[in-house]
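Chemist: Below is a structure I'd like to ask you about.
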Amino acid sequence: MMNIEQSIIEGCERLEVRLRAGTGARLAVFLSLLERWNRAYNLTAVRDPKAMVVRHVLDSLSILPWLEGIRVLDVGSGAGLPGIPLAIVQPDFEFVLLDSNGKRTRFMNQVVAELKLANVSVVRSRIEDYRPAILMNSVVSRAFATLAEMVAEAGRLCAPEGRLLAMKGVFPDDELARLPSGYNVVGVYPLQVPDLDAERHLVHLTPARRD
């Protein structure tokens with residue numbers, strides 16, 4: 001556990017993510033829980049704890065500078081990625097982790113309980129059935145469909161002044177070409193994830209103004 005914690009702390013330093021006291025240990029506990037549950041529930045294809053540091057924790061935290069506002073929705077959160085690492089590092093924000101799969105939401109609820117994450121709500125629901133009382137400042141996704149599908153299904157959950165943040169691998173030319181009207185592409189940013197030998201990009205969209 002100590003080696004994993006140190007790997008997380010060193011990776012966050014390279015990402016220029018400042019961790020509060022004890023945060024590295026909490027992120028290591030999250031990975032320990034994920035590794036344990038993975039044996040029975042197959043939540044993620046990544047099995048090696050050191051690879052989890054890079055592919056799950058550091059990859060998730062790479063989008064931290066783009067979060068806007070305090071209400072964040074993680075669509076199709078799966079094993080709590082990127083929502084749980086972001087919520088651990090940013091306790092002043094409120095995170096909703098949305099997924100329709102029971103085993104995944106049970107795992108996320110267990111993490112929330114064990115780490116006492118007061119700023120996280122886990123919702124088991126299909127996205128088309130989800131009706132929040134207040135729209136979100138940031139809507140994020142890590143492995144949720146195409147950009148067109150994301151805006152079609154999750155766009156309504158974003159506040160008019162909010163942003164949609166989609167994590168992708170290689171530069172998504174085809175998906176951008178198929179993006180429907182009603183959304184502006186603010187930028188597509190390369191993400192530099194320490195020790196990850198793969199391309200990562202973040203697509204930043206905003207709802208088009210309707211004056």
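The values are calculated or read from the model by the stated rules, or taken from the named source; none is laboratory data. All values derive from a computational prediction rather than experimental measurement. Positions of Cβ are generated from backbone atoms using ideal geometry, with glycine treated the same way; all protein chains shown enter the neighbour counts. With ligands, DNA and RNA removed, areas are computed over all heavy atoms of the protein, side chains included. Shrake-Rupley method; radii C 1.70, N 1.55, O 1.52, S 1.80 Å.
Chemist: Confirm whether ILE84 is of a type in the set (Val, Ile, Thr), more than 17 Å from ILE9 (Cβ to Cβ) and without any contact (Cβ under 8 Å) to a residue 60 or more places away in the chain.
Modeler: Details: of a type in the set (Val, Ile, Thr): yes; more than 17 Å from ILE9 (Cβ to Cβ): yes; without any contact (Cβ under 8 Å) to a residue 60 or more places away in the chain: yes.
In short, yes.
Chemist: I would also like to ask the following. Please find, within segment 189-200, the residue that is most open to solvent (accessible area, probe 1.4 Å) out of those that are out of contact with any His (no Cβ under 9 Å at 6 or more places or on another chain) and in contact (Cβ under 8 Å) with a residue 40 or more places away in the chain. Steps first, answer last, please.
Modeler: Step one: list which residues in segment 189-200 are out of contact with any His (no Cβ under 9 Å at 6 or more places or on another chain), which gives 192-200.
Keeping just the survivors that are in contact (Cβ under 8 Å) with a residue 40 or more places away in the chain gives 192-196, 200.
Working: GLN192: 139, VAL193: 15, PRO194: 11, ASP195: 117, LEU196: 31, ARG200: 36 Å².
So the residue we want is GLN192.
Chemist: Provide a single number: the residues in segment 57-116 that are assigned to a helix (DSSP H, G or I) and surrounded by 19 or more Cβ atoms within 10 Å (Cβ to Cβ). First the steps, then the outcome.
Modeler: Going residue by residue through segment 57-116, those that are assigned to a helix (DSSP H, G or I) are 57-61, 64-66, 83-89, 102-115.
From what's left, surrounded by 19 or more Cβ atoms within 10 Å (Cβ to Cβ): 57-61, 83-89, 104-105, 107-108, 111-112.
So the count comes out to 18.
Chemist: State whether the residues of segment 59-80 include one that is farther than 30 Å from ARG156 by Cα and not small (Gly, Ala, Ser). It would help to see each step written out before you state the result.
Modeler: Let us first name the residues in segment 59-80 that are farther than 30 Å from ARG156 by Cα, namely none.
There is no residue in segment 59-80 that is farther than 30 Å from ARG156 by Cα and not small (Gly, Ala, Ser).
Chemist: Only one of (1) within 14 Å of the chain's Cα centre (by Cα); (2) open to solvent by less than 80 Å² (accessible area, probe 1.4 Å) fails for PRO49. Which number is that?
Modeler: Going through the list (1) within 14 Å of the chain's Cα centre (by Cα); (2) open to solvent by less than 80 Å² (accessible area, probe 1.4 Å), PRO49 breaks only (1).
Chemist: Quickly run through segment 167-183 and pick out the residues that are acidic (Asp, Glu) and open to solvent by less than 90 Å² (accessible area, probe 1.4 Å). Step through it out loud before you land on a result.
Modeler: Looking only at segment 167-183, we keep the residues that are acidic (Asp, Glu), and these are 173-175.
Selection gives GLU175 alone.
Chemist: Can you find a residue in segment 138-161 that is open to solvent by 40 Å² or more (accessible area, probe 1.4 Å), of a type in the set (Val, Ile, Thr), in contact with a Pro (Cβ under 9 Å, 6 or more places away or on another chain) and under 30 Å from VAL53 (Cβ atoms)?
Modeler: Looking through segment 138-161, at least one residue is open to solvent by 40 Å² or more (accessible area, probe 1.4 Å), of a type in the set (Val, Ile, Thr), in contact with a Pro (Cβ under 9 Å, 6 or more places away or on another chain) and under 30 Å from VAL53 (Cβ atoms).
Chemist: I'd like the full set of residues that are without any contact (Cβ under 8 Å) to a residue 40 or more places away in the chain and either part of a helix (DSSP H, G or I) or touching a strand residue (DSSP E or B) at 6+ places or on another chain (Cβ under 6 Å) (or both), limited to segment 11-30.
Modeler: GLU13, GLY24, ALA25, ALA28
Chemist: For segment 160-175, give me each residue that is of a type in the set (A, V, I, L, M, F, W, C) and in contact with a His (Cβ under 8 Å, 6 or more places away or on another chain).
Modeler: Taking segment 160-175 as the starting set, the residues that turn out to be of a type in the set (A, V, I, L, M, F, W, C) are 164-167, 170-171.
Those that are of a type in the set (A, V, I, L, M, F, W, C) and in contact with a His (Cβ under 8 Å, 6 or more places away or on another chain): LEU164, LEU165, MET167, VAL170, PHE171.
Chemist: While we're looking at this one, here's another question. Has segment 31-38 got any residue that is open to solvent by 60 Å² or more (accessible area, probe 1.4 Å), among the basic types (Lys, Arg) and outside any helix (DSSP H, G or I)?
Modeler: No, there is no match, as no residue in segment 31-38 is open to solvent by 60 Å² or more (accessible area, probe 1.4 Å), among the basic types (Lys, Arg) and outside any helix (DSSP H, G or I).
Chemist: On to the next question. Before we move on, is SER125 more than 17 Å from ARG200 (Cβ to Cβ), hydroxyl-bearing (Ser, Thr, Tyr) and modelled with pLDDT under 95? If you could, list the steps in order and put the result at the bottom.
Modeler: Working: more than 17 Å from ARG200 (Cβ to Cβ): yes; hydroxyl-bearing (Ser, Thr, Tyr): yes; modelled with pLDDT under 95: no.
Here the answer is no, as SER125 does not meet what is asked.
Chemist: Return only the number of the condition from (1) closer than 14 Å to LEU165 by Cα; (2) without any contact (Cβ under 8 Å) to a residue 40 or more places away in the chain that VAL46 does not satisfy.
Modeler: Status for VAL46: all satisfied but (1).
Chemist: Can VAL186 be described as open to solvent by 50 Å² or more (accessible area, probe 1.4 Å), at pLDDT 95 or above and in a strand (DSSP E or B)?
Modeler: Working: open to solvent by 50 Å² or more (accessible area, probe 1.4 Å): yes; at pLDDT 95 or above: yes; in a strand (DSSP E or B): yes.
Here the answer is yes, as VAL186 does meet what is asked.
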